[in-house]
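Novice: Just dropping this structure here.
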Amino acid sequence: MNAKDFNKKTDHPLQAFEWGEFREKTGVKVIRGLSTEASAKEGEDFQLTIHKVPHTNFNIGYLPKGNLPDKSLISKLKEIGKENKCIFIQLEPAVSTFTSQESLRNTSEVAEWTPLRWKNLNLRPAAHPLFTKYTFVLDLTRSEEELLKNMHSKTRYNIKVAQKHGVEIIEDNSDKAFKEYLKLTEATTKRQNFYAHTRKYHELMWETLRANGKQTTDYSKLTAHLLLANYKPKSVGGRPETLAAWILFTFKDTLYYPYGASSDKYRETMASNLIMWEAIKFGKKLGLKKFDMWGALGENPDPKDSWYGFHKFKQGYGAELVEFIGSYDLVINPVLYNLYKLADKIRWTVLRFKKGVY
């Protein structure tokens, strides 16, 4: 299947052909569907990954950020699910419940996405959603002056603090810079006590997607870029240190922020605030129209939520909170599905207990 033709029918990095190539390297089976000129049914365009359930002969299918499901797609997925011994297939469509931005996926059918509609497609709300139901999307077509004006005053202040401290933001896609990113990722995961992808996962992702250094205006291919926030302490003999490292994706007309890590040193420099501002300027420089910040909490987030601080950080940049229609499970094997839900619940209870966040 031709990557360029496939990407014409997709709008999100997780549906990009290159993402599928990366996932195949991790040992995951990738199945793609592409509509023909004759049928031209959007529902037939999809990229599905098949994941093995440990210690069993069964699998789980995952279709993230695809199109709005219809009967044609559901029928095809059921077929695939049975052929691949899937207990269920989880769908998380890149379809917003409402939006004022024409470029975000939306159709007249979204208004009809009621419980009756998804039940008629034999879908049920996901037992364990993987992707957040919300994200922040910033309009990059605005001028820098407008963007700064729409930020929270504290965010603008912190950006100035970082600039006064001499924090420097650079794009560096070298092997050395990526090792720095891995080091910070491991430190951040340990410090904040949350689960993250393995080192090998990140290495394969970077190997597959990283930018090659050539300037291009063709963003039909999913590409990863690495930004570093460097700081040189003013103390005598102070060596430059990387305080934050972010991986950004470019795809179609949108910039994405899927991965980020930071140091707990020199927090007074507000390096993370500056790297976000420079990421915004980076997207504008490339001529992109939107910046998807890759996840958020809802409209009234709980201050006790472990992601509350990260949500408020993103919110400070004046982006629009976008809500998607949610995550749904297409059950292939009802008996095993109920057993899997119970086992999964027990597994996460044990993991939280071990992490001390039960």
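Novice: When you scan region 243-338 for strands (runs of 3 or more DSSP E) that lie fully inside it, which ones turn up with 3 or more residues that are under 18 Å from the mean Cα position of the chain (by Cα) and within 27 Å of SER220 (Cβ to Cβ)? Show your work before the answer.
Specialist: Details: elements: 254-262, 290-292, 320-323, 328-331.
Answer list for region 243-338: 254-262, 290-292.
Novice: Between a residue in region 51-70 that is under 19 Å from LEU123 (Cα atoms) and assigned to a strand (DSSP E or B) and any residue that is of a type in the set (Phe, Trp, Tyr) and open to solvent by less than 20 Å² (accessible area, probe 1.4 Å), which pairs come within a Cβ distance under 9 Å, given they are 6 or more apart or on different chains?
Specialist: Final answer for the pair search is ILE60/PHE88; GLY61/PHE88; LEU63/PHE46.
Novice: Limited to region 305-339, what total is found for residues that are in contact (Cβ under 8 Å) with a residue 24 or more places away in the chain and open to solvent by less than 60 Å² (accessible area, probe 1.4 Å)?
Specialist: So the answer is 22.
Novice: Same structure again: I'd like to verify a number: residues in region 116-126 that are open to solvent by 60 Å² or more (accessible area, probe 1.4 Å) and in contact with a strand residue (DSSP E or B) (Cβ under 9 Å, 6 or more places away or on another chain), how many?
Specialist: Step one: of region 116-126, the residues open to solvent by 60 Å² or more (accessible area, probe 1.4 Å) are 116, 119-120, 122, 124-125.
Pick out the ones that are also in contact with a strand residue (DSSP E or B) (Cβ under 9 Å, 6 or more places away or on another chain) and you get 122, 124-125.
Total meeting the criteria: 3.
Novice: Another one. Restricting to region 127-149, give me the number of residues that are surrounded by 15 or more Cβ atoms within 10 Å (Cβ to Cβ) and in contact (Cβ under 8 Å) with a residue 60 or more places away in the chain.
Specialist: At the first step, the residues of region 127-149 found to be surrounded by 15 or more Cβ atoms within 10 Å (Cβ to Cβ) are 127, 131-140, 142, 147-148.
Next, only the ones that are in contact (Cβ under 8 Å) with a residue 60 or more places away in the chain stay: 127, 131-140, 147.
Residues in region 127-149 being surrounded by 15 or more Cβ atoms within 10 Å (Cβ to Cβ) and in contact (Cβ under 8 Å) with a residue 60 or more places away in the chain: 12 in total.
The values are calculated or read from the model by the stated rules, or taken from the named source; none is laboratory data. None of the values given here were measured: they were computed from a predicted structure. We place every Cβ from the backbone using ideal geometry, glycine too, and count neighbours over all the protein chains shown. These area figures cover heavy atoms from the full protein model, side chains too; ligands, DNA and RNA do not enter into them. Shrake-Rupley method; radii C 1.70, N 1.55, O 1.52, S 1.80 Å.
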